[in-house]
Amino acid sequence: NAKRLKALRSELAQIDEQLDVFASDADDQAIRALVSETPGAAQEATDARKHADAMRRHRQHVIDSINELELRQDELLDLLTGSG
């Protein structure tokens with residue numbers, strides 16, 4: 001459990017860095033689409049936003065997994081110490 005938590009926390013740190021890049025790229029693409037007003041630029045902006053949204057969903061999934069493992073760890077510690 002501890003190894004899995006450590007791995008997930010490391011993954012979350014990497015996701016946060018990637019999400020910053022994807023979100024920044026999506027913002028840049030949206031501005032370019034507004035300025036150029038071309039269908040190609042609009043599609044690129046949409047794609048960039050979708051990538052950022054997918055990374056946000058993945059980030060939330062990892063956070064949920066961490067929370068579940070922490071809860072399970074607490075339950076196991078309670079059983080071990082007789083507090084539960």
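Below are the figures for this structure:
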read-out: Cβ-Cβ FRET estimate between residue 27 and residue 64, R0 fixed at 25 Å, reported to 0.05; value: 0.45
read-out: Solvent-accessible area, 1.4 Å probe, carbon plus sulfur percent, for the chain; value: 53
read-out: Integer Hz, Karplus 6.51/-1.76/1.60 couplings in order for segment 49-55, x for Gly and Pro; value: 5, 5, 5, 5, 5, 5, 5
read-out: log₁₀ of I(q)/I(0) at q = 0.18 Å⁻¹ - the chain, Debye sum with one point per alpha carbon; value: -0.77
read-out: Solvent-accessible heavy-atom area per residue, rounded to whole Å², over the chain at 1.4 Å; value: 73
read-out: Inter-label distance, nm, simple model (7 Å from Cα along the C-beta direction), residue 13/residue 34; value: 3.5
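The values are calculated or read from the model by the stated rules, or taken from the named source; none is laboratory data. Keep in mind that this is a model prediction, so the values were computed, not measured. Cβ sites come from the backbone with ideal geometry, for glycine too, and all protein chains shown count toward neighbours. Ligands, DNA and RNA are excluded from the accessible area calculation, which covers all protein heavy atoms including side chains. Shrake-Rupley method; radii C 1.70, N 1.55, O 1.52, S 1.80 Å.
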